[in-house]
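**Student:** I have a structure I would like to understand better, so I am pasting it below and will then ask my questions one at a time.
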Amino acid sequence: MAASKWRVGDEDEPSGGPKWFQEKPGALRAAGKWLFLSLTCGYFALSYASLPNFLNLGLYTQGLERTPYQYRVLQMFVFRVLMRMRIVVYAGTHLAALWNDPYRLVMVGIAFVSLLVAVLATAATIRWLTGDGVFSFWAAMLVPLMAQFTLAYAWDNPFTTPYDVPSVMFFALAMYLVLRRSWWAYYPIFVLAVVNRETACFITVFFAVWEWVRLGGTDLDTRTRLRWIVPHVAVQAAIWIAIKVTLARHFANNVHDGAYMGGLFMTHFRFNLSELLKPQQWPLMLSVCCFSLPFIWMQRRYISSKGLRWALAVILPLYFACLVVVGIVVEIRIFADWIALVVPAVALIVWNRFRPVERPQQKPEDCYELSC
């Protein structure tokens, strides 16, 4: 396949073509990249954990926080395990930078590991789409940048929660596993993602869109494609509903925060509409994913993966519409999952729009320039 052509719909194989960086392998270079990645994730984790906690982490660890926040229980178990370790408690109570709070130390660990895995999973996705391993690593460094803007620098919601950064991690991991069609690993990750935060339902939407587009490039008819996709969607929907109902029943005696739909969701539709009409909120909404959404819209034709392009077109509006009803949209941290989708899209745009072109090799007898 010619390097100058865009790959539209060829999601099964990574594309070839010229590389952005001709990097020689070496232990020192690898160590430097890992050090840079670790310091970047560490900076984010420390800045994120230094924000005020939205939840009472002591109550959250005991399962006594307000719902629907207590429904996001995965990190509750992480806190329970780590807070029983004497070294964690001792170190946390002696770190003035973290207000001598061991819960904040655990928050640093959760944010660091989650962001690190999210970067690596996103890099793997970009490499799968482009075939350029070195470019994919550096392009994936957009994940910490967007996380910093979306989660740590948002002026209208200066607080932290234990499940937002892991949500990005699970979405990025699930996306890569869908591309690889590794269902044996995908379903455990999906279950953990749902237990972590209910927005994991949009992972199922990505699965459905990606598989529909992928199978559209084959000679399979519509009925055959639906026979493959619908059972998977039904199983994932059943898992999501079962987990939500189980958690709602288990924490039925917890204090409810706000108005609810059947005890499962909060409703903020009127509030969101009033906030979206305020001009001062428009720059905040544009800052989601580090102001990259207008760039993606204007350069969308360079997103050479048809599956990713359709996933963006379906998931982002659907996600926003749902959270206008059940979330608070000016708290842009609720859109953190978008990072897992947006970074590969930006990477593909840059890779296709600005990548270097290989110069044709000239034979010595055809070269008459002094520079030859």
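Here, each number is a calculation from the coordinates, and none is a lab measurement. Note that this is a predicted model, so its numbers are computed, not measured. Cβ: placed from backbone, ideal geometry, glycine included. Neighbour counts: every protein chain shown.
**Student:** For the stretch 186-202, what does the Karplus curve 6.51 cos²θ - 1.76 cosθ + 1.60, with θ = phi - 60°, yield as ³J(HN,Hα) per residue in whole Hz, taken in order and with x for Gly and Pro?
**Tutor:** For the stretch 186-202, the Karplus-derived couplings read 5, 5, x, 5, 4, 4, 4, 5, 5, 5, 6, 7, 5, 5, 4, 4, 6 Hz, x marking Gly and Pro.
**Student:** Classify the chain from the C-alpha gyration tensor, please: rounded if a/c falls under 1.5, else prolate or oblate depending on whether a/b exceeds b/c.
**Tutor:** Values: a/c = 1.92, a/b = 1.45, b/c = 1.33.
Verdict is prolate for the chain.
**Student:** Continuing with this model, one more query. Given +1 on the Cβ of Lys and Arg, -1 on the Cβ of Asp and Glu, and no further charges, what dipole in debye does the chain carry about its Cα centre, rounded to the nearest 20? Display every interim value, and only then the final one.
**Tutor:** Values: 33 positive and 22 negative charges, 73 e Å.
With only Lys, Arg, Asp and Glu charged at Cβ, the dipole is about 360 debye.
**Student:** Based only on other Cβ atoms within 10 Å, what is the fewest-to-most ordering of 164, 101, 221? Display every interim value, and only then the final one.
**Tutor:** Values: 164 25, 101 15, 221 10.
Going from sparsest to densest Cβ surroundings: 221, 101, 164.
**Student:** Which one, 144, 344, 231, has the greatest fluctuation when you compute a Gaussian network model over the chain with C-alpha springs under 10 angstrom?
**Tutor:** Fluctuation is largest for 231.
**Student:** Related question: Identify which of 322, 289, 41 has the largest mean-square fluctuation in a Gaussian network model of the chain, with springs joining Cα atoms closer than 10 Å.
**Tutor:** 322
**Student:** Could you tell me how far the Cα centroid of the stretch 52-125 sits from the Cα centroid of the stretch 290-348, in Å?
**Tutor:** So the separation of the two Cα centres works out to 27 Å.
**Student:** Suppose the chain between residue 267 and residue 80 were pulled fully straight at 0.36 nm per residue; how much longer would it get relative to their current alpha carbon spacing?
**Tutor:** Working: separation 187, 0.36 × 187 = 67.32 nm, distance 3.03 nm.
Here the segment from residue 267 to residue 80 would lengthen by 64.3 nm.
**Student:** Another one. Amide H of residue 53 versus every other amide H placed in the peptide plane: which residues, excluding those fewer than 5 positions away on the same chain, fall under 5 Å?
**Tutor:** Under 5 Å from the amide H of residue 53: 160.
**Student:** For the chain, with a Gaussian network of springs between Cα atoms less than 10 Å apart, report the residue from 148, 280, 299 with the top mean-square fluctuation.
**Tutor:** 280
**Student:** If one takes the longest principal axis of the Cα atoms in the chain, at what angle in degrees, from 0 to 90 and to the nearest 10, does the Cα axis of helix 164-180 lie?
**Tutor:** Here the helix axis deviates by roughly 40 degrees.
**Student:** Taking θ as phi - 60°, what are the ³J(HN,Hα) couplings along the stretch 316-330 by the Karplus curve (6.51, -1.76, 1.60), each to the nearest whole Hz, with x for Gly and Pro?
**Tutor:** 4, x, 5, 4, 4, 4, 5, 6, 4, 8, 10, x, 10, 5, 6
**Student:** Another question, then. Based only on other Cβ atoms within 10 Å, what is the fewest-to-most ordering of 241, 229?
**Tutor:** On the way: 241 13, 229 18.
Ranking 241, 229 by Cβ neighbours within 10 Å, fewest first, gives 241, 229.
**Student:** Taking other Cβ within 10 Å of each residue's Cβ, how do 85, 146 sort, fewest first? Before the final figure, lay out the partial values.
**Tutor:** Values: 85 12, 146 23.
Ranked by crowding around the Cβ, least crowded first: 85, 146.
**Student:** Quick one: helix 222-250 against the long Cα principal axis of the chain, what's the angle to the nearest 10°, folded into 0 to 90?
**Tutor:** Taking the Cα atoms of the chain, the angle to 222-250 is about 30 degrees.
**Student:** Could you run the Karplus curve 6.51 cos²θ - 1.76 cosθ + 1.60 with θ = phi - 60° over the stretch 56-66 and give me ³J(HN,Hα) per residue in whole Hz, x for Gly and Pro?
**Tutor:** Calculated HN-Hα couplings, in order: 7, 5, x, 5, 4, 5, 7, x, 10, 6, 5 Hz.
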